[in-house]
Each structure stands twice: as C-alpha cells, then as structure tokens.
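Take a look at the structure below.
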C-alpha cells in the first residue's frame with residue numbers, strides 16, 4: 001500500500017472538507033495569505049541559519065550534511081521561501097502545556113496534510129499497511145538525529161513501545177491505539193531503520209490515531225536519555241530519578257515521558273522538534289525555544305528549517321493581558337483565549353494600527369457549550385440524580401438558548417444539542433434538536449416525573465436523600481473559553497427557576513483537568529469536539545476517553561478491559577462493543593454504519609446537554625509573520641498549528 005492514505009477512507013462521504021466549505025462565516029475577515037509581504041532579500045547560497053554556520057566554523061557543530069538525514073523531509077512553504085532569523089512572539093496563560101505540544105511537538109511517525117484529507121510520512125520516511133490492517137511496516141529516515149546529535153533509530157521506537165507503553169509499572173493501561181481486541185500489538189525491529197507492528201486482529205485506525213495526536217509517544221522518548229531512569233537498564237535507576245528530584249524511577253518515567261506531566265519542565269530531554277527549550281516551564285515568566293541544529297526538514301531548495309531562530313512564550317496572567325498584547329501588535333500568532341465573538345469587533349478596529357490580519361478556523365466543535373453532568377460522580381446521591389434521564393431533559397427545557405445566543409454569541413448560531421454537525425454524514429435532526437424548546441412548564445413536568453417534587457423553603461427541589469439538589473459545575477478559567485462561564489452564569493438562573501441549585505466552580509485549567517480525570521467533580525462545561533470528525537472523535541457520544549469527562553469510571557472500565565472502573569449500563573456497553581467492532585473493519589461503509597448505531601444510542605440516552613451550534617472561528621497573525629495559511633482546521637484530531645508546518649513560518653524583515 002502507498003505511503004499516503006486518503007482520509008476519505010476514514011471520513012464518511014460529505015465529511016470534513018465538504019462541511020468546511022459549507023460553514024457560513026468563514027469569510028468574516030480577509031484571510032488571504034497572499035497579502036503582499038514585500039521582497040525580502042534571500043541569500044540563496046545559505047543552506048542553514050547564520051547562527052549555525054558560525055557554530056560550525058567554531059567547531060561546535062558538525063557540517064550540515066552530517067546533521068541532516070540521508071532523505072530529509074521536504075516542506076513546501078505556503079507563500080514563498082523564507083529568510084533566516086527573528087523570534088516568533090507567542091504567549092501562554094498560566095502553566096497549561098496544551099499550546100506547547102500543539103505548537104511545537106507535532107512530529108509523529110505520520111501526520112495529516114494541510115487539507116486534513118491524507119496521511120503523509122513524517123518521522124517515518126515511508127510505510128506499508130497489509131490489506132487486512134493487521135501489519136504496519138514503518139521505514140525511518142537513515143541518519144536522522146535527536147537534538148543532541150545522537151542517532152534516532154528503530155531502537156528508540158522499540159524502547160518507547162516495549163519499555164514505556166507496554167510496561168504496566170509505567171503505563172498501567174495500554175492506549176487503545178496500540179491494541180486490537182484488547183490485545184497489544186507486537187513490535188519487531190527489522191533493522192536500524194525499520195519496525196513492524198503486528199496486531200492480533202485488524203486495527204484499521206492505527207495510523208490515523210498516531211497522526212491525530214499532537215505528540216505521539218513513539219517519537220518523543222530517546223532511549224539513550226531515558227534508559228538510565230529505567231530499572232530494566234540501570235540497577236540504580238531509583239538513584240538517578242532521585243538525583244533528578246523524583247521519588248523513584250517509575251515516578252520519573254510516568255511524569256517525564258508525558259507531555260501533560262513534567263516533559264516541558266525538563267529542557268535536557270533531547271527532541272525531534274524544530275525548536276528546543278532553553279529552560280523549563282515554570283522557571284520564569286518567559287519560556288524560550290531555540291532552533292534545533294539537527295532538525296531533519298528542509299525547504300524544496302535544500303535549506304534547513306526552521307527559518308525562525310527562536311520562539312518565545314510570555315507567561316501572562318489572564319485573557320485581558322493577552323488581548324492587550326495582541327492589540328499592541330506584540331504577538332505574532334494567536335488563536336486562543338482572545339478570539340471570542342465578543343472580541344471580534346474590538347480586534348477589527350485595531351487591525352490596521354497593530355499590523356495584524358485574520359485567518360479562518362474551520363471548527364470541529366460539537367457545540368458552543370456542552371454541559372457535562374458526571375454520570376459516575378463519586379457522590380452516590382448526585383450520581384443517582386444525574387443518571388435520571390427525566391432530570392436531564394427537564395434541565396434542558398429550562399434553558400433559554402435564544403437568550404444565550406443573543407447575549408453571549410452576538411446572535412450567531414441556533415439552538416442545538418450535542419450532536420454531529422449539519423452537513424456531516426452522521427447528522428441526525430432529531431438528536432440535534434430534541435429537548436431544545438425553552439418551556440419552563442415542560443421542564444418542571446420532567447423534573448417532577450424524575451421524582452423530585454418536594455422542595456425546601458427556598459424552592460429548591462429535594463433529592464432522594466431529602467436534601468436540596470445542589471451541585472457544582474467546574475469551568476476552566478485558563479482554557480481560552482471565557483464564553484463558557486458567560487453562558488453558564490445564565491444557566492444558573494434558568495435552573496434555579498425550576499428548583500435546581502447549580503453553582504459555578506471556576507478553576508484553572510490544571511486543576512480542572514485533575515478534578516475531571518480523578519472523578520472529583522460533579523460536572524463541568526466544555527465545548528467539545530467531534531461535530532464533523534465523528535468516527536475519530538467519538539467520546540462525546542460514547543465514553544471512550546477520560547477527557548470528555550462525563551463518565552470517568554465507565555471510561556476506565558473500557559480502557560482497562562473491565563479490570564478497573566465501573567461497569568457501564570447495557571446501552572453504553574453496546575456502544576463500546578460497536579465502536580471496538582468498527583475499528584476492526586477495513587471497509588469504510590461498514591464502519592459508517594456501525595458509527596451510526598453508536599450515535600443513535602447516544603441520541604436515545606441523551607447523556608449531555610448542549611446550547612447552540614458551533615461557530616466558525618478565527619485567529620490573528622501579525623503582518624510580519626509569513627507563510628501562515630489563510631484558513632485551517634481547529635479540531636482535536638488536527639493538531640493545529642503544528643499541522644500547518646510552523647518550521648516554514650518566517651519573519652519578514654521588511655515588515656518589522
């Protein structure tokens with residue numbers, strides 16, 4: 001099979017690209033990447049950054065031909081070949097690592113192309129897939145190196161897989177990416193540059209899963225660095241871990257190999273990324289990354305990438321501080337936190353003076369706000385209440401969606417439940433519109449039918465334990481989604497009117513995720529993904545992924561093959577069986593039909609409550625910052641901006 005796989009085999013007809021073209025509002029701003037960028041001079045003889053040439057001359061680095069692999073990955077610039085130099089000005093709010101791995105770490109074995117419709121080689125130079133999708137052979141790039149100059153070979157893949165992914169001391173549950181029928185794949189090292197994964201049964205989505213992750217485990221764990229912290233390779237691994245500030249070797253590996261752990265706090269870890277950190281996250285109010293001298297990609301003229309010398313992330317306290325930086329022209333590229341509906345006119349007014357332009361973001365979001373009641377909540381009384389379908393229906397009818405749309409979203413969108421987007425092959429009109437009518441009487445009727453007819457003196461309904469129905473909904477303050485709290489503040493009043501006391505619990509993103517993943521919350525709000533990419537992002541329809549947050553213990557049961565967590569109810573178990581069966585089918589039509597069954601059960605169970613249809617998004621890019629596309633996708637499974645090849649961005653010296 002070819003080393004390029006057409007994504008249309010994995011998205012149903014009428015899928016992502018067709019939906020993107022049909023989303024209204026994508027042309028809200030001028031997003032033409034071809035805006036005149038000037039005629040910056042280009043030293044056509046320079047095949048590497050002057051910074052690196054100086055180091056070669058001083059004997060600090062080997063020559064370029066010794067640093068590049070035999071067959072570098074060639075990246076075609078969006079506008080034109082760039083010039084070397086400059087710093088990409090960026091920002092983070094708080095200590096969240098999400099933007100770091102989506103921006104800098106998308107260097108997996110395979111990746112998505114810019115149109116999100118084909119799998120293409122990346123770290124792997126080529127690959128072959130058996131017709132029954134049970135065997136995947138991947139050929140690595142000969143001569144490729146980590147950022148410290150050490151060779152990247154099949155041994156690194158073998159270590160990452162056998163000694164991290166499959167070592168239950170480090171990783172208790174094997175990611176389903178690497179399993180078929182609950183059985184982990186076997187990995188063979190065929191030679192220095194070739195590995196083969198063999199599954200017990202078909203795993204039709206293996207490469208799609210890898211390409212859809214912002215940083216896959218197989219290409220971020222250099223054996224030569226980590227083996228001294230592993231007991232199987234070093235008898236004093238605990239000592240090495242303690243010297244690094246960890247209680248023991250298991251703690252070190254569990255945290256340090258995880259991009260959501262301490263990976264970004266450890267600048268000494270060698271990487272395959274275009275830029276590498278000069279300090280760790282948390283060491284100060286600025287995080288700077290400098291070019292990797294061994295980066296393994298070039299432009300079509302053989303000039304080593306990246307063009308930009310360094311990337312700097314200012315650590316700011318809140319959205320207001322970041323918005324000010326953008327409006328002053330101090331940020332080169334931003335698509336989070338400030339790109340709200342409310343801020344659109346503000347940014348439009350400042351566009352010319354601050355010197356930035358807009359680009360479009362085609363969203364895979366499933367809703368403007370998904371209200372997620374924790375169906376496996378640790379509090380048994382709340383769990384009983386949340387699992388009562390009439391209770392959820394009553395809460396849904398109590399929400400004035402039209403008022404939220406008008407107040408929070410400037411009148412954009414229509415009332416919608418959590419459901420596949422209109423235009424998707426999985427769209428279900430009933431699922432999208434059920435229980436969206438604002439009707440207080442009908443809401444009270446369903447809440448009464450749920451059995452909660454008695455109230456206290458303040459009008460709050462009493463639960464099965466005789467106490468008022470009162471719970472908290474977690475809302476992240478650091479996720480760049482301020483409209484969630486704005487919407488939720490309105491919902492507080494709607495629900496109180498029908499006798500339910502919901503309180504908002506604003507928490508930073510780190511605590512938000514910790515409470516979600518450890519089953520410590522009553523519920524939470526998010527927007528959610530999978531409106532279009534339904535098959536590859538199923539977890540707002542069936543709880544296959546902890547981060548969806550609505551049934552953590554059912555997810556644990558699924559992920560562990562029933563070894564941990566709690567057994568889901570029969571309809572949910574049936575969904576999980578269907579989705580597992582889907583992953584074994586090589587025929588697209590069969591997969592589509594199975595996914596339709598999964599979605600239909602989600603419709604009937606009505607697990608989650610939505611507000612309105614997802615809106616087209618936007619970002620801002622400074623006029624000096626070139627080779628950014630005019631429109632791209634904003635979705636969990638399209639690791640943006642990494643998927644737009646940041647290594648080919650450049651700073652136009654005539655625009656600075």
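Summary of computed values
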quantity: Selection count where residues are more than 16 Å from residue 369 (Cβ to Cβ) and surrounded by 24 or more Cβ atoms within 10 Å (Cβ to Cβ), scope segment 522-537; calculated: 4
quantity: Criterion: closer than 26 Å to residue 565 by Cβ and more than 21 Å from the chain's Cα centre (by Cα) - qualifying residue of 238, 167, 209; calculated: 167
quantity: Test for residue 557: is it touching a strand residue (DSSP E or B) at 6+ places or on another chain (Cβ under 6 Å), within 30 Å of residue 202 (Cα to Cα) and assigned by TED's automatic domain parsing to the domain that holds residue 594; calculated: no
quantity: Leading residue by the ranking (surrounded by the fewest Cβ atoms within 10 Å (Cβ to Cβ)) among those in segment 490-504 that are more than 13 Å from residue 456 (Cα to Cα) and in contact with a helix residue (DSSP H, G or I) (Cβ under 9 Å, 6 or more places away or on another chain); calculated: 503
quantity: For residue 555: the one exception among (1) closer than 26 Å to residue 517 by Cβ; (2) touching a residue at least 24 places away in the same chain (Cβ under 8 Å); calculated: (2)
quantity: Flag for residue 651 being surrounded by 19 or more Cβ atoms within 10 Å (Cβ to Cβ), under 30 Å from residue 490 (Cα atoms) and modelled with pLDDT of 95 or more; calculated: no
quantity: Every residue from segment 119-150 that is within 30 Å of residue 241 (Cβ to Cβ), in contact with a helix residue (DSSP H, G or I) (Cβ under 9 Å, 6 or more places away or on another chain) and surrounded by 16 or more Cβ atoms within 10 Å (Cβ to Cβ); calculated: 123, 140, 145, 146, 148
quantity: Of the criteria (1) in a loop (DSSP other than H, G, I, E, B); (2) within 26 Å of residue 321 (Cα to Cα); (3) more than 20 Å from the chain's Cα centre (by Cα), which one residue 142 fails; calculated: (2)
quantity: Of all residues making up segment 278-296, the number that are crowded, with 22+ Cβ neighbours inside 10 Å and more than 18 Å from residue 626 (Cα to Cα); calculated: 7
quantity: Contacts under 6 angstrom Cβ, first residue in segment 105-132 being farther than 25 Å from residue 289 by Cβ, partner assigned to a loop (DSSP other than H, G, I, E, B) and modelled with pLDDT under 95, 6 or more apart; calculated: 118/4; 126/3; 127/3; 128/1; 129/1; 132/202
quantity: Tabulated pairs, segment 181-192, first farther than 30 Å from residue 579 by Cβ, second assigned to a strand (DSSP E or B), C-beta under 6 angstrom, 6+ apart or interchain; calculated: 189/195; 190/196
quantity: Options 372, 331, 366: the member that is under 24 Å from residue 652 (Cα atoms) and either buried (at least 18 other Cβ atoms within 10 Å of the Cβ) or within 22 Å of the chain's Cα centre (by Cα) (or both); calculated: 331
quantity: Residue that is farthest from residue 368 (Cα to Cα) [pool: residues in segment 414-431 that are modelled with pLDDT of 95 or more, in contact with a strand residue (DSSP E or B) (Cβ under 9 Å, 6 or more places away or on another chain) and crowded, with 22+ Cβ neighbours inside 10 Å]; calculated: 419
quantity: Matching residues in segment 233-253 - criterion: being surrounded by fewer than 18 Cβ atoms within 10 Å (Cβ to Cβ) and closer than 12 Å to residue 167 by Cβ; calculated: 233
quantity: Only one of 230, 273, 224 that is surrounded by 19 or more Cβ atoms within 10 Å (Cβ to Cβ) and in contact with a strand residue (DSSP E or B) (Cβ under 9 Å, 6 or more places away or on another chain); calculated: 273
quantity: Exclusive hit being surrounded by 21 or more Cβ atoms within 10 Å (Cβ to Cβ), closer than 25 Å to residue 533 by Cα and assigned by TED's automatic domain parsing to the domain that holds residue 298, set 178, 197; calculated: 178
quantity: Selection within segment 511-554 - out of contact with any strand residue (DSSP E or B) (no Cβ under 6 Å at 6 or more places or on another chain), more than 17 Å from residue 366 (Cα to Cα) and not in a helix (DSSP H, G or I); calculated: 518, 519, 520, 551
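Condition check ((1) modelled with pLDDT of 95 or more; (2) within 27 Å of residue 510 (Cα to Cα)) across all residues:
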site	(1), (2)
258	no, yes
278	yes, yes
299	yes, no
334	no, yes
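The values are calculated or read from the model by the stated rules, or taken from the named source; none is laboratory data. Computed from a predicted model, the values in this text were never measured in an experiment. Reconstructed Cβ throughout: ideal geometry from the backbone, glycine too, with neighbour counts over all protein chains shown.
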